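The values are calculated or read from the model by the stated rules, or taken from the named source; none is laboratory data. Nothing here was measured: the structure is a model prediction, and the numbers come from that model. Here the Cβ is made from the backbone with ideal geometry for all residues, glycine too, and neighbour counts use every protein chain on show.
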Amino acid sequence: MARSNDEVAALLQEYADLLAITGGDRFKARAYEKAVRAVAGYHGDIAGLDIKQLRAIPGVGKSIADKIGEYFEHGSVQAIEEVRARIPAGVRQLMAIPTLGPKKAAQLHHDLGISSIEELVDAIHHERLRDVKGFGPKTEQNILHGVELMQQAGDRVLINVAMDLAEEIVTGLAAVTGCSRCTYAGSLRRFRETIGDIDILAAAENPGPVMKAFRDLDLVGEVIAGGEKKTSIRTTKGLQVDLRVVPPQAWGAALQYFTGSKGHNIRTREMAVHAGLKLSEYGIFDVETGDLIVSETEEEVYRRLGLPWIPPTLREDRGEIEAAQRDELPELVTERDIRGDLHTHTDLTDGVSSLEDMVATAAARGYAYYAVTDHAPNLVMQRMSDDKMLAQREQVRELAARYPKLTLLHGTELNIDADGEVDWGPDFLAGFDLCVASVHSSFTQPREQMTRRLVRACENPYVNIIGHPTARLIGRRPPVDADLDELFRACARTGTALEINSFPDRLDLRDEHILWAKQHGVKFAINSDSHSTTHLAAIRYGVGTAQRGWLTKDDVINTWPLSRLKKFLRKGRA
Ligand code: DGT
Ligand code: CA
Ligand code: CA
Ligand code: ZN
């Protein structure tokens with residue numbers, strides 16, 4: 001996913017929101033929203049395109065292409081600056097509250113003169129919102145929750161944003177003469193779902209040239225602190241990046257230290273102390289003599305503590321030290337183990353790539369199987385019909401002939417309605433190779449109803465996978481409230497897999513829930529939920545999340561050979 005695509009998509013989204021609140025025409029705002037998806041999902045880097053090539057992107061018309069061109073040329077777009085200037089900064093802050101949205105923010109500003117988050121919270125506490133049309137006690141709770149979500153997310157960024165940046169930096173620094181190793185550490189190496197800052201580690205006898213190259217990177221907005229061994233910068237987008245340069249012989253100890261987590265490191269340091277050793281970022285030392293014992297590789301560091309090497313995704317002090325001591329660390333699922341993707345979309349619904357392109361990308365990834373699962377009709381805006389679905393099935397069957405090594409599965413993503421029913425009855429459902437079923441509406445149902453709803457979906461013999469089970473959007477929508485114990489039991493009992501949705505703003509199920517579900521004997525599917533050919537590669541984030549949930553290959557149905565998978569998909573069907 002190219003960074004400039006994301007930047008432009010964010011800019012267009014902001015414009016669409018601004019248009020919505022300034023009462024601009026709705027049609028225009030919609031057009032911008034469509035362009036947002038097209039640009040975000042575009043298969044190449046749009047920074048290299050001229051106006052004509054930009055216009056060739058479906059959903060990008062002349063005026064949008066011109067604005068994108070203007071952005072690349074001048075770094076800003078006048079039309080957007082103008083609407084921005086018409087809206088007070090405080091109101092723009094309100095717009096960002098996920099559960100409020102641009103229109104309601106504008107309404108509150110207009111009717112009550114609210115122009116900051118503090119004023120909004122205050123107004124809610126004084127029940128002043130209730131006099132405004134369309135606001136009631138429930139909306140108030142929702143808004144407060146949104147404010148909370150926003151504050152929790154703080155300045156952390158989604159993992160893909162940090163990863164794209166980190167990989168760019170690592171590539172740049174690794175090319176510097178004298179740099180013998182370079183990698184990212186910290187929460188990113190542990191694949192946490194959000195990242196506070198990026199930690200980069202490099203090895204060089206002489207740190208100077210690496211430090212200089214770092215400060216000179218294009219993405220540097222400001223240097224926060226610079227020293228001989230450590231430099232911290234803030235990128236032009238506001239994310240902090242710390243670089244440490246260590247001598248090559250201290251690489252292992254430094255990598256272990258800066259990978260963290262803090263909790264894990266406290267445990268390893270205690271273990272060292274008990275053994276009469278001292279563990280620091282420079283190595284393991286004998287306390288009495290002060291002699292350096294080991295430091296060059298992480299394996300050596302762990303071995304000296306009497307432990308096997310512990311994968312970074314487990315280093316959260318959640319029992320990994322004890323498991324390592326017993327030599328019972330799980331053999332974690334890896335990206336190479338994934339044989340196929342079981343939840344993907346095409347431009348027949350809200351995807352931006354054609355069926356042909358999606359399948360070609362899957363084949364190029366070396367997948368053994370691949371499921372096309374476009375949205376079912378109850379998600380009305382996707383305009384699906386029985387006929388369209390059947391026609392797509394024909395297309396899928398025809399396309400299959402071109403890919404002898406890839407088995408194409410025809411599926412759908414059903415909508416679990418408020419009562420736990422799905423879009424079609426058994427006769428039509430029986431025609432699919434597999435069905436994902438997800439919650440796409442009534443997100444705020446009370447716990448009991450939500451639990452019953454999800455359990456009923458599991459009991460449907462045609463539902464194979466519960467898609468993005470908690471429906472959360474990181475920093476934007478809270479998870480649904482359900483009794484997860486009951487859901488996990490239902491999954492295990494009925495042979496329904498839980499999805500680990502790899503989309504970086506979902507990562508749903510999340511790590512802790514995965515660990516918990518695994519204890520119930522639940523199986524999982526790590527899916528990309530791709531809406532573009534560029535999204536298939538995001539499966540790495542799902543795999544990282546699965547690792548954080550201690551999953552092995554056997555826990556994940558889309559690592560299985562096709563024959564075993566097919567048996568699982570038959571579920572309770574007649
Ligand atoms: P983040 O940046 O909030 O996403 O999380 P981390 O884990 O990347 O935390 P960060 O950047 O503050 O530090 C990177 C690693 O360096 C951390 O995981 C462990 C190590 N570290 C940093 N400060 C300390 C400390 O005060 N004590 C210990 N034991 N380790 C530290
Ligand atoms: Ca960090
Ligand atoms: Ca840091
Ligand atoms: Zn979905």
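Considering each of Tyr282, Tyr302, Tyr257 in turn, give the residue that is free of Cβ contacts under 8 Å to residues at least 60 places away in the same chain, within 38 Å of the chain's Cα centre (by Cα) and within 12 Å of ligand 1 (Cβ to nearest atom).
Details: Tyr282 fails: within 12 Å of ligand 1 (Cβ to nearest atom); Tyr302 fails: within 12 Å of ligand 1 (Cβ to nearest atom).
So the residue among Tyr282, Tyr302, Tyr257 that is free of Cβ contacts under 8 Å to residues at least 60 places away in the same chain, within 38 Å of the chain's Cα centre (by Cα) and within 12 Å of ligand 1 (Cβ to nearest atom) is Tyr257.
Hey, any hits in the range 146-166 for a residue that's farther than 30 Å from Gly101 by Cβ, of a type in the set (D, E, K, R) and in the same structural domain as Gly227 (by TED's automatic domain parsing)? No, because not a single residue in the range 146-166 is farther than 30 Å from Gly101 by Cβ, of a type in the set (D, E, K, R) and in the same structural domain as Gly227 (by TED's automatic domain parsing). Looking at the range 213-256, the strands (runs of 3 or more DSSP E) lying wholly inside it that each contain 2 or more residues that are of a type in the set (A, V, I, L, M, F, W, C), modelled with pLDDT of 90 or more and away from ligand 2 (no atom under 16 Å from the Cβ) sit at 220-226, 240-246.
The helices (runs of 4 or more DSSP H) located wholly in the range 11-122 that include 3 or more residues which are touching a residue at least 24 places away in the same chain (Cβ under 8 Å) occupy 26-40, 62-74, 78-86, 89-95, 101-112. When Leu399, Leu408, Leu329, Leu342 are checked against the criterion of being closer than 23 Å to Ala538 by Cα, over 25 Å from the mean Cα position of the chain (by Cα), more than 16 Å from ligand 1 (Cβ to nearest atom) and not polar (S, T, N, Q), Leu408 stands alone in meeting it. Scanning the range 148-205 for residues that are in a strand (DSSP E or B) and within 12 Å of ligand 3 (Cβ to nearest atom) gives Tyr184, Ile195, Ile198, Asp199, Ile200, Leu201.
One line per residue, one yes/no per condition, for (1) more than 22 Å from Glu320 (Cα to Cα); (2) touching a helix residue (DSSP H, G or I) at 6+ places or on another chain (Cβ under 7 Å); (3) outside any helix (DSSP H, G or I):
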| site | (1), (2), (3) |
| --- | --- |
| Gly521 | no, yes, yes |
| Ala525 | yes, yes, yes |
| Leu536 | yes, yes, no |
| Val543 | no, yes, no |
| Leu565 | yes, yes, no |
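The set of residues in the range 172-198 that are within 10 Å of ligand 1 (Cβ to nearest atom) and among the small types (Gly, Ala, Ser) comprises Ala185, Gly186, Ser187, Gly196.
For residues in the range 345-375 being among the charged types (D, E, K, R) and part of a helix (DSSP H, G or I), which is nearest to the chain's Cα centre (by Cα)? Even if it seems obvious, please write down each step before you answer.
Narrowing the range 345-375 to residues among the charged types (D, E, K, R): 347, 350, 356-357, 365, 374.
Checking the rest, the ones that are also part of a helix (DSSP H, G or I) come to 356-357.
Values: Glu356: 25, Asp357: 23 Å.
Among those that are among the charged types (D, E, K, R) and part of a helix (DSSP H, G or I), it is Asp357.
Determine whether the range 231-247 contains at least one residue that is of a type in the set (Lys, Arg), within 14 Å of ligand 1 (Cβ to nearest atom) and surrounded by 14 or more Cβ atoms within 10 Å (Cβ to Cβ). Even if it seems obvious, please write down each step before you answer.
So in the range 231-247, the residues of a type in the set (Lys, Arg) come out as 234, 237, 244.
Next, only the ones that are within 14 Å of ligand 1 (Cβ to nearest atom) stay: 234, 244.
Checking which are surrounded by 14 or more Cβ atoms within 10 Å (Cβ to Cβ) leaves us with 234, 244.
Taking every residue of the range 231-247 in turn, at least one turns out to be of a type in the set (Lys, Arg), within 14 Å of ligand 1 (Cβ to nearest atom) and surrounded by 14 or more Cβ atoms within 10 Å (Cβ to Cβ).
Within the range 183-203, residues that are under 15 Å from Ala250 (Cα atoms) and touching a residue at least 60 places away in the same chain (Cβ under 8 Å) have Cβ atoms under 7 Å from residues that are within 9 Å of ligand 3 (Cβ to nearest atom) and in a strand (DSSP E or B) in these pairs: Ala185/Asp199, counting only partners at least 6 apart in sequence or on another chain.
Picking from Val436, Val480, which residue would you name as being under 21 Å from the mean Cα position of the chain (by Cα) and farther than 21 Å from Lys566 by Cβ? It would help to see each step written out before you state the result.
Values: Val436 fails: farther than 21 Å from Lys566 by Cβ.
Exactly one residue qualifies, and that residue is Val480.
Being modelled with pLDDT of 95 or more, among the acidic types (Asp, Glu) and either farther than 17 Å from Val333 by Cα or within 16 Å of ligand 3 (Cβ to nearest atom) (or both) holds for only one residue in Asp529, Asp511, Asp555, and it is Asp529. Scanning the range 167-182 for residues that are in contact (Cβ under 8 Å) with a residue 40 or more places away in the chain and within 30 Å of Arg472 (Cβ to Cβ), we see that the one that is nearest to the chain's Cα centre (by Cα) is Glu168.
Yes/no per residue for (1) touching a Ser or Thr at 6+ places or on another chain (Cβ under 7 Å); (2) not polar (S, T, N, Q):
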residue	(1), (2)
Thr346	yes, no
Thr349	no, no
Ser354	yes, no
Met358	yes, yes
Ala362	no, yes
Arg365	no, yes
Asp374	yes, yes
Pro377	yes, yes
Met381	no, yes
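Scanning the range 273-330 for residues that are surrounded by 15 or more Cβ atoms within 10 Å (Cβ to Cβ), in a helix (DSSP H, G or I) and among the basic types (Lys, Arg) yields a single hit, Arg304. Evaluate the following for Asp122: is it closer than 30 Å to Gly196 by Cα and in the same structural domain as Ala106 (by TED's automatic domain parsing)? For Asp122, the condition - closer than 30 Å to Gly196 by Cα and in the same structural domain as Ala106 (by TED's automatic domain parsing) - is met. Reported count of residues in the range 247-278, each being within 15 Å of ligand 3 (Cβ to nearest atom), β-branched (Val, Ile, Thr) and either touching a Leu at 6+ places or on another chain (Cβ under 8 Å) or within 16 Å of Pro308 (Cα to Cα) (or both), is 0.
Taking the range 439-477 as the range and being in a helix (DSSP H, G or I) and of a type in the set (D, E, K, R) as the test, the residues that pass are Arg447, Glu448, Arg452, Arg453, Arg456, Glu459.
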